[in-house]
Every structure is written in C-alpha cells, then in structure tokens.
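Worksheet for the structure shown next.
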Amino acid sequence: MVSYPQIIPRPEDWRMGEPGPWEQLCAEKLTGIDLATILSGLDLCGLSGPPPHTPSPRDEEVEILDGVGLTGRLRSSAVLIALFEEQSEARVLLTRRSTRLNSHRGEVSFPGGRVDVGESTTEAALREAVEEVALDLDHVEVVAHLRPIVTLASSSLIQPVVAVLDGRPVVTASPSEVERVFDVSFADLLVPGVFHEERWRRPERPSPRSGDGSFALWFFEVSGEMIWGATGRLLVDLLCAALRLDLPGQTH
C-alpha cells in the first residue's frame with residue numbers, strides 16, 4: 001500500500017502493458033542477487049567503469065531520442081545509483097523529493113541533478129548525493145554506469161552513474177530537497193505484484209515502435225512508495241542487466 005500520494009498524470013486512454021521481463025524466471029533466480037551478480041551483468045553489457053562523455057550543459061543538440069525525432073537543447077543531468085549489500089542481497093538507495101521543489105514534487109528518485117559547467121557527470125552525481133543525503137564519499141566507489149536516458153517533461157539528458165558502497169550508509173536528508181531516504185533490495189523489486197507497465201499516448205510524443213503510438217512507463221509499488229518515471233525506467237534497466245534479460249521491447 002502506497003503511503004504517500006503522488007499526482008500521476010495518466011491520460012484517459014492509458015492501459016496496462018506487458019508483465020515484467022523477469023516474470024518468466026523461476027522464483028530462485030529472483031532472490032540472492034548480490035553485488036557481484038549485478039556488476040557482472042553490467043560488465044557483459046559493456047557498462048563497467050565511469051560513464052563516457054555526455055553532453056555538457058547547453059552545448060549539444062540531440063536529434064533522435066528513444067526512436068522519436070526531436071531536435072533541441074537538453075539539460076545535462078546525472079544521478080547516482082548507490083548500491084550496497086546486506087545478507088547477500090543487493091540494495092539500492094532512493095529518495096523521495098521534497099514537495100517544496102519546483103519540479104517532480106514528492107516523486108521517488110535517485111540522488112542527482114544538473115551538471116554544472118566544467119563538471120563531469122560522475123562529479124555531478126557524487127556532488128548531488130553529498131548535497132541531498134550527506135553521503136560520505138570515502139565509502140563510495142564508482143564502478144559502472146547505465147546508458148543515458150531522456151526525460152521530455154524536463155528536457156533533460158540523464159546520465160546514471162553506478163557506485164558501490166562498503167556497507168549501509170549513514171545518511172541525512174537535506175530538508176530543502178529530500179523528504180525521505182530509504183533503500184530497497186533487488187528481491188523487493190522483483191516480488192510478484194510490485195511491478196507493472198502502463199501504456200500511455202501523448203499527441204506530442206507518438207511512438208513509432210508501437211502500432212497505436214503508445215509508449216511504456218514502468219512502475220514499482222514498494223516500501224510504501226510508488227516509483228515511476230525516469231527512476232522506474234532506470235530500475236528496469238538495472239534489473240535487466242543484473243538478470244541478463246533484454247529490456248522490454250528489445251530482442252537480440
């Protein structure tokens with residue numbers, strides 16, 4: 001049961017989508033996912049190490065996003081996907097954004113924000129984690145990355161940076177930015193009924209990949225929170241890499 005209400009702007013003609021790609025797996029494969037398993041999966045995807053260069057603020061143009069033709073300037077952002085392990089289960093650190101922020105109020109996210117001029121995406125992700133949750137960087141090692149994604153609502157190109165912590169972190173939420181800091185295990189995310197996919201249509205964002213022009217959004221209802229949007233998408237990317245699965249809508 002979600003304990004914190006969010007405004008999710010579903011269009012009237014939304015519909016349920018496909019089940020999670022991991023639902024084909026036996027129950028034994030959905031628990032005991034440790035850091036070594038995740039890092040091995042990321043390595044197989046060619047995602048080990050810090051992220052390569054991504055566009056600096058205001059100096060690049062992106063022409064094709066998610067198969068949708070779009071030309072325009074995007075804000076360069078970075079998020080930190082901080083992982084740690086307890087009892088042989090990998091866990092990921094998440095925050096609920098303050099309702100006092102100008103955008104994405106009350107939504108669940110990874111620590112992160114805008115890349116400052118002269119900063120790398122890795123530096124930005126680490127800086128934001130310090131500012132938002134007081135993460136001690138002495139206990140943080142950047143080990144991998146995910147492929148960048150685009151959010152059309154905020155015109156941002158987001159570079160995910162994956163880091164490993166040497167244990168459960170001691171964190172303190174910055175009240176101006178974060179209302180809650182929490183963590184969930186990969187096993188929590190894979191419990192039947194936690195995940196669902198929705199198909200939305202927007203006139204300004206028709207998807208050429210589907211017959212009806214709809215696109216997928218991914219939701220996780222866990223730890224009293226509803227996780228969706230860019231955070232839900234990145235969690236799916238991370239889970240698929242860890243479990244050696246194709247992303248939804250992709251085959252090899």
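A short reminder: the numbers here are calculations on the coordinates, not readings from a lab. Only a predicted model underlies this, so the values are computations on that prediction, with no experimental measurement involved.
Okay, here's what the table says:
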quantity: Per-residue HN-Hα couplings for the range 178-186 [Karplus 6.51, -1.76, 1.60; θ = phi - 60°; Hz; x = Gly/Pro]; calculated: 10, 9, 8, 10, 8, 9, 9, 7, 4
quantity: For the range 124-129, Karplus couplings with θ = phi - 60° (6.51, -1.76, 1.60), whole Hz, Gly/Pro x; calculated: 5, 4, 5, 4, 5, 5
quantity: The range 15-24 - phi-based ³J(HN,Hα) in whole Hz, Karplus 6.51/-1.76/1.60, Gly and Pro as x; calculated: 9, 5, x, 7, x, x, x, 7, 5, 7
quantity: Under-5 Å amide H pairs with Glu179, H placed in peptide plane, nonlocal only; calculated: Arg96, Arg97, Ser98
quantity: Cut-off under 5 Å, modelled amide H: who pairs with Ala163 long-range; calculated: Ile81, Ala82, Leu83, Val143
quantity: Other-chain or far-sequence residues with amide H under 5 Å of Ser76's (modelled H); calculated: Arg58, Val115, Leu157
